Amino acid sequence: MESAEDLKKRLFNEKKCGWDSVNEEQKDSIRVFGDEYIHYLNRCKTEREAVDFTKEILGKNGFIDIREKTVLLPGDKVYYVNRNKSMYIAVIGTSPIEAGLNIVGAHIDSPRLDLKPNPLYEDTGFAYLKTHYYGGIKKYQWTTIPLSLHGVVVKTTGETVKINIGENDDDPTFVITDLLPHLAQDQMEKKLKDGINGEDLNLLIGSIPFKDENVSEKVKLNILRLLNEKYDITEKDLLSAEIELVPAFKAKSLGFDRSMVAGYGQDDRVCAYTSLRGILNVQNPKKTAVCILSDKEEIGSVGNTGMESHVFDTFIAELLNKTGENRPNLLDKVFCNSKMLSADVDAALDPIYVAVSEKNNASLLGYGIGFNKYTGARGKSGASDANAEYVAEVRSILEQNNIPYQIGELGKVDVGGGGTIAYILANKGIDVIDCGVPVLSMHSPYEVTSKFDVYCAYKTYETFLK
Ligand code: MN
Ligand code: MN
């Protein structure tokens, strides 16, 4: 007779810490991959930098800009860059595209502070840049930390000046000041969300006045003189600029055991990097493999670089044109035959804040890639809900390939929730499920992931695309 112990083993969905089941060799692979990922995080702190880096890697791996190709054959590897901020990557399958695509979709924008169009001003001997925050941030987390400036200034001539200052050891740094506790009595009485006003997130950038008796706004003038010398720009050129303030500190291994990664922008560049690494390993797949690196997810996937735009449809239509398959209305059919993993981070259970999670259905750090069957909040409002048939199909792929995974939801029922790009692709008729790396301190300047889960995400996306 089967012992109770064995019966339990057979019937229970026992959750296991990932580190318990890996040997030394696997641990090494996880460590090496983690280090490469940390390097990526330090190179790519904005969507534009992620696009530049990805283009470089794709070029080295035999991928070609789709605009350079007139005909596509099975095995061909192509990509399309949408306005330097989002990308679509494809490896053409041996089956016709009509049979459907295997898609992994991540986003490469992260919460941050953007400069306003008229950012520069002087007040009481200091020069500042005014900001407007991007995405869901806790504003108090962005004061008194070193910040760097990344982005572009585009002149009316069309010339683009790239800005990246505050990352190198010999670069200056920038900071948003906060009140000393001695004088913060009123501030400390406020609710946490009101402690720092959005309008007070002003970046301190200088304090030396221009040497002249008569001229006003001397500190501002001195800053503009320096910017003009270094970048050949004027204040007016900042009107057509996109400059992002991001944490200047470096991503690093976290913990005495180096099991985790601490770094800015892991939502969602952890899934962007792992899906990129996944598609690099795809050769001659049966179904065409597609990787999406989207922009503007953090503010609702809007605009012509966000997932709501039709540029993605145009890219797939181009694949159909160039493989010679296209005919009227084929695109809709392609989407209905397609499968997708919406690669976005998951909220990990934080033992310090366990009250917001429901233990049985929360993703745990280090327990493998986290799936959300559905997203949404309070009665599944706005949820993209994967069909059970599709969940079973994905489970079977993972189980056949021994990839540890967990399926849960984001937070307790009445507490909150979240959304991703999943619903946009589901609306086209694609089977979609959300899955990504569990994160602690999500949307903060220094997010935490487990190297084990990062590696599991890589293996998941690779296997799915193959
Ligand atoms: Mn995300
Ligand atoms: Mn997010």
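How do the peptides 14-25, 423-434 rank, highest first, by the average count of neighbouring beta carbon atoms within 10 Å per residue? Don't skip to the end; give the middle numbers.
On the way: 14-25: 11.6, 423-434: 20.9.
Top of the packing list down: 423-434, 14-25.
Determine Rg/Rh for segment 1-47; Rg is computed over alpha-carbon atoms and Rh is the Kirkwood hydrodynamic estimate from the same atoms.
Values: Rg = 18.8 Å, Rh = 14.1 Å.
We get a ratio of 1.33 for segment 1-47.
Could you pull the Rg and Dmax for segment 1-143, using just the Cα atoms, both in Å?
Answer for segment 1-143, Rg first and Dmax second: 23.9, 84 Å.
At a Förster radius of 41 Å, what calculated FRET efficiency corresponds to the Cβ-Cβ distance of Val356 and Glu25, to the nearest 0.05? Numbers along the way, then the final one.
Numbers: r = 38 Å, r/R0 = 0.92.
That pair, Val356 with Glu25, gives E of 0.65.
What is the diffusion coefficient of the chain in µm²/s, taking the Kirkwood radius over Cα pairs and the Stokes-Einstein relation at 4 °C with a viscosity of 1.567 mPa s?
On the way: Rh = 23.8 Å.
It comes out at roughly 54 µm²/s.
Give me the dipole magnitude in Debye, nearest 20, for the chain about the Cα centre, with unit charges on the beta carbon: positive for Lys and Arg, negative for Asp and Glu.
Working: 55 positive and 68 negative charges, 156 e Å.
Here the size comes out at about 740 debye.
Any idea how far the Cα center of segment 331-368 sits from the one of segment 70-91, in Å?
First find each Cα centre; the distance between them is then 27 Å.
At 7 Å along the Cα-to-beta-carbon direction for both Asn42 and Asn402, put a label point, then send me their distance in nm to one decimal.
So the two model labels end up 3.3 nm from each other.
³J(HN,Hα) across segment 26-43 via Karplus (A = 6.51, B = -1.76, C = 1.60, θ = phi - 60°), whole Hz, x for Gly/Pro?
Values, residue by residue: 5, 4, 4, 4, 5, 5, 4, 4, x, 5, 5, 5, 4, 4, 4, 4, 6, 7 Hz.
Please state, rounded to one decimal and in Å, the Kirkwood hydrodynamic radius that segment 297-363 gives when every pair of distinct Cα atoms enters the mean of 1/r. Numbers along the way, then the final one.
On the way: mean 1/r = 0.0645 Å⁻¹.
Roughly 15.5 Å, rounded to one decimal.
Which whole-Hz couplings ³J(HN,Hα) result when phi for each residue of segment 457-464 is put into the Karplus expression 6.51 cos²θ - 1.76 cosθ + 1.60, θ = phi - 60°, listed in order with x for Gly and Pro?
5, 4, 5, 4, 5, 4, 4, 4
Could you tell me what fraction of 2.2 N^0.38 Å the Cα radius of gyration of segment 213-349 comes to, as a two-decimal ratio?
Values: Rg = 22.7 Å, N = 137, 2.2 N^0.38 = 14.3 Å.
Computed over Cα atoms of segment 213-349, the ratio equals 1.59.
Whole-Hz ³J(HN,Hα) for each residue in segment 92-104, computed from phi via Karplus 6.51 cos²θ - 1.76 cosθ + 1.60 with θ = phi - 60°, x for glycine and proline: what do you get?
6, x, 7, 7, x, 4, 3, 5, x, 10, 9, 10, 10
Across bins of 5 angstrom width beginning at 0, how are the C-alpha pair distances of segment 47-91 distributed, in whole percent?
Histogram of Cα-Cα distances, whole percents per bin: 5, 24, 34, 23, 10, 4, 0.
Let me know the number of lysine pairs in segment 194-261 closer than 23 Å at the Cα, not counting same-chain pairs under 8 apart. Please list the in-between numbers first.
Numbers: Lys211/Lys220; Lys211/Lys230; Lys211/Lys236; Lys218/Lys230; Lys218/Lys236; Lys220/Lys230; Lys220/Lys236.
Close lysine pairs under the 23 Å cut-off: 7.
Let me know the volume per residue of the alpha-carbon convex hull for segment 112-247, in Å³.
Working: hull volume 17.4 nm³, N = 136.
Looking at segment 112-247, the number lands at 128 Å³ per residue.
At R0 = 30 Å, how high is the FRET efficiency between Lys16 and Ile57 if r is their beta carbon distance? Nearest 0.05 is fine. Display every interim value, and only then the final one.
On the way: r = 33 Å, r/R0 = 1.11.
After rounding to 0.05, the efficiency reads 0.35.
With the crude spin-label approximation of a point 7 Å out along Cα→Cβ, what separation in nm comes out for Lys193 versus Lys412?
1.7
Would you mind getting me the FRET efficiency between His132 and Glu393? Use the beta-carbon distance for r and R0 = 41 Å, nearest 0.05.
Working: r = 43 Å, r/R0 = 1.04.
Once the sixth-power term is evaluated, E becomes 0.45.
What is the Cα radius of gyration of segment 389-464 over 2.2 N^0.38 Å, N being its residue count? If you can, show how the numbers build up before the last one.
Working: Rg = 14.0 Å, N = 76, 2.2 N^0.38 = 11.4 Å.
Working it through for segment 389-464, the quotient is 1.23.
So how many Lys-Lys pairs in segment 38-154 land under 21 Å Cα to Cα, not counting same-chain pairs under 8 apart?
Within segment 38-154, the lysine pair count is 20.
If you look at just the Cα atoms of segment 78-156, how large are its Rg and its Dmax in Å?
When restricted to the Cα atoms of segment 78-156, Rg and Dmax are 20.1, 68 Å.
Assuming a ≥ b ≥ c are the square roots of the Cα gyration tensor eigenvalues, decide whether segment 329-466 counts as rounded (a/c under 1.5), prolate (otherwise, with a/b larger than b/c) or oblate. Walk me through the numbers on the way to the answer.
On the way: a/c = 1.97, a/b = 1.36, b/c = 1.45.
It is oblate, given that a/c is not under 1.5 and a/b is not larger than b/c.
Roll a 1.4 Å probe over the protein chains and send me the accessible area per residue for the chain in Å². It would help to have the intermediate numbers written out before the result.
Working: 22440 Å² over 466 residues.
Normalised by residue count, the accessible surface of the chain is 48 Å².
Counting only residues 5 or more places away or on other chains, whose amide H sits under 5 Å from the amide H of Val261 once H atoms are built in the peptide plane?
Amide H to amide H, under 5 Å and 5 or more residues apart or across chains, Val261 pairs with Leu254, Thr449, Ser450, Lys451.
Please list the non-local residues whose amide H lies under 5 Å from the amide H of Leu365, H modeled 1.01 Å from N, same-chain partners needing a gap of 5 or more.
Long-range HN contacts for Leu365: Leu349.
In nm, what is the difference between 0.36 nm times the number of residues separating Lys380 and Asp123 and their Cα-Cα distance? Walk me through the numbers on the way to the answer.
On the way: separation 257, 0.36 × 257 = 92.52 nm, distance 4.79 nm.
Between Lys380 and Asp123, full extension yields an extra 87.7 nm.
Could you point to the residue in Pro119, Leu147, His107 farthest towards the positive end of the chain's charge dipole, with +1 and -1 charges on the Cβ of Lys/Arg and Asp/Glu respectively?
My answer, from the dipole projection, is His107.
The values are calculated or read from the model by the stated rules, or taken from the named source; none is laboratory data. What you are looking at is a predicted structure, and each value in this text was computed from that prediction instead of being measured. Backbone-built Cβ (ideal geometry, glycine too); neighbour counts: all protein chains shown. Each accessible area value is taken on the protein alone, full model and side chains, heavy atoms only, with ligands, DNA and RNA left out. Shrake-Rupley method; radii C 1.70, N 1.55, O 1.52, S 1.80 Å.
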